[in-house]
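To keep things clear, I will list the structure first and then write my remarks on it.
The values are calculated or read from the model by the stated rules, or taken from the named source; none is laboratory data. The structure presented is a predicted model; accordingly, all values stated were derived computationally and were not measured. Note that each Cβ is placed from the backbone with ideal geometry, even for glycine, and that neighbours are counted across all protein chains shown.
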Amino acid sequence: MPTISANGATPTSLSDLNAALIAVATSIVPDLTANLPATLIEDVSSTDTGACSIMDQAAVDLVNSISPLTANPFIVVQLGAVYGVQQGVGSNTSVLVAFTGTPGFVINIGFLVGDGTYQYAVQDPVIIPSGGTTAAVFCLATVSGSWAVPSSTVTQRVTSVPSTIALTFTNPSTGIPGAAAQSIQSYQAQVIQAGQAVCTGSPQAVKTQLENVSGVQSRLISFRQTGGGWQAIVGGGDPYSVAGALYLSIPDINVLQPAATMGTTETVAINDFPDTYNVTYVIPDQEAVGISITWNTIASANFVAPAIVTAAVQPAMVAYINSITVGQAISLLQLQDAFITAVAGFIPEQSLSKLQFVVTINGTIVAPATGSVLIPGDPESFFFTSTANIAVNQG
């Protein structure tokens with residue numbers, strides 16, 4: 001049997017398996033000599049030791065599959081089903097669009113709008129009200145990928161409308177860049193968090209409900225205490241679905257606070273017949289990040305073409321910035337580690353003689369506070385960048 005410790009089950013060594021096998025055989029045939037080389041008995045014992053190793057590893061895998069952190073994909077999906085947590089398959093870039101036009105006109109699911117490059121499909125039907133302008137409607141990109149959607153850029157109609165209908169639209173706020181498919185490690189951590197949601201109203205319960213809303217990205221969720229109650233910051237997802245998740249997980253929705261800085265306050269009416277409840281949450285704003293990196297090596301180091309360094313470093317910087325949780329700061333130490341890891345294959349760390357970072361947020365240079373390595377952003381916003389905004393220069 002495998003050894004079980006605080007770190008889980010570990011396989012038994014081949015030598016121990018072989019010794020145990022011979023011990024069992026010897027107990028049946030006391031005068032058995034099994035360790036003579038090049039004999040039929042030794043050949044059988046070696047082969048059987050390999051078979052025992054396979055069975056031992058199967059036992060290790062079974063024991064370790066009991067824990068969500070070590071479970072194989074099939075088992076962790078079953079564990080997730082116990083908590084009602086489905087594994088995410090990634091979410092496309094999304095944007096909230098407000099329509100203005102002829103009152104009474106119905107905009108159905110699948111209605112396509114665009115920004116000149118990408119198209120977005122309406123996810124919930126909406127009717128132009130008597131006032132002429134709808135509330136912002138959740139629209140999802142028709143292709144996967146991650147890109148910025150600046151405000152007031154989604155204005156092109158793709159789906160046609162009758163000539164008698166006047167219809168214009170725009171996105172009053174920035175969109176939410178898409179996320180990659182959820183890794184098994186990320187899902188394992190999500191299942192662990194779902195298991196901690198022991199009661200309605202706890203932060204774990206709220207986050208579990210929000211993470212299970214299609215289109216919501218886990219890094220864009222923050223449920224934090226404020227002076228007047230709690231503030232739910234949620235990026236992505238249909239507003240009604242997000243509000244529904246909050247309504248089902250928070251006993252007193254009156255504690256939910258509106259935006260206080262750069263976020264957008266979203267208030268959704270939930271009809272739980274015969275009553276209607278207004279649920280308030282905050283949609284995080286997007287902060288564009290630019291990074292200028294200056295690097296160099298000691299004179300004795302092997303020459304490396306700057307273009308090679310740039311090609312390796314830019315994706316690493318983008319991956320780090322676009323993984324930072326809403327409201328969290330940029331760490332210069334993390335930027336440094338990302339650079340060193342990216343170039344490790346051709347520039348040893350000890351060969352680096354210079355590594356400087358200049359970070360801009362929304363076009364303004366921002367330095368860390370004195371004595372700190374952290375560059376904070378707005379607490380109700382998230383960072384986003386692309387390779388076009390990462391400059392890498394040797395100097």
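Side notes on the structure shown:
- Residue in segment 319-339 that is among the polar types (S, T, N, Q), at pLDDT below 95, surrounded by fewer than 17 Cβ atoms within 10 Å (Cβ to Cβ) and more than 30 Å from Ser222 (Cβ to Cβ) present: no
- Just one of the listed residues (Ile66, Ile54, Ile75) is surrounded by 13 or more Cβ atoms within 10 Å (Cβ to Cβ) and free of Cβ contacts under 8 Å to residues at least 12 places away in the same chain, namely Ile75.
- So Val113, is it of a type in the set (Val, Ile, Thr) and either in a strand (DSSP E or B) or surrounded by fewer than 19 Cβ atoms within 10 Å (Cβ to Cβ) (or both): yes
- Test: residue in segment 156-164 that is surrounded by 12 or more Cβ atoms within 10 Å (Cβ to Cβ), among the hydroxyl-bearing types (Ser, Thr, Tyr), within 26 Å of Val268 (Cβ to Cβ) and in contact (Cβ under 8 Å) with a residue 40 or more places away in the chain: yes
- In segment 272-313, the residues that are in a helix (DSSP H, G or I), of a type in the set (Val, Ile, Thr) and touching a residue at least 60 places away in the same chain (Cβ under 8 Å): Val309, Thr310, Val313
- Here Ile28 meets each of (1) at pLDDT 80 or above; (2) over 32 Å from the mean Cα position of the chain (by Cα); (3) surrounded by 11 or more Cβ atoms within 10 Å (Cβ to Cβ) with one exception, condition (3).
- Phe357 among the aromatic types (Phe, Trp, Tyr), part of a helix (DSSP H, G or I) and either modelled with pLDDT under 95 or farther than 26 Å from Gly175 by Cα (or both): no
- Looking only at segment 184-219, and only at residues there that are polar (S, T, N, Q) and assigned to a loop (DSSP other than H, G, I, E, B), the one that is modelled with the highest pLDDT: Gln217
- Look at (1) assigned to a strand (DSSP E or B); (2) touching a residue at least 40 places away in the same chain (Cβ under 8 Å); (3) over 23 Å from Ala269 (Cβ atoms) and you find that Leu140 fails only one, number (3).
- Any hit, segment 77-95, residues being at pLDDT 85 or above and either in contact with a helix residue (DSSP H, G or I) (Cβ under 8 Å, 6 or more places away or on another chain) or more than 23 Å from Met262 (Cβ to Cβ) (or both): no
- Test result for Val95, of a type in the set (A, V, I, L, M, F, W, C), crowded, with 17+ Cβ neighbours inside 10 Å, on the phi < 0 side of the Ramachandran plot and in a loop (DSSP other than H, G, I, E, B): no
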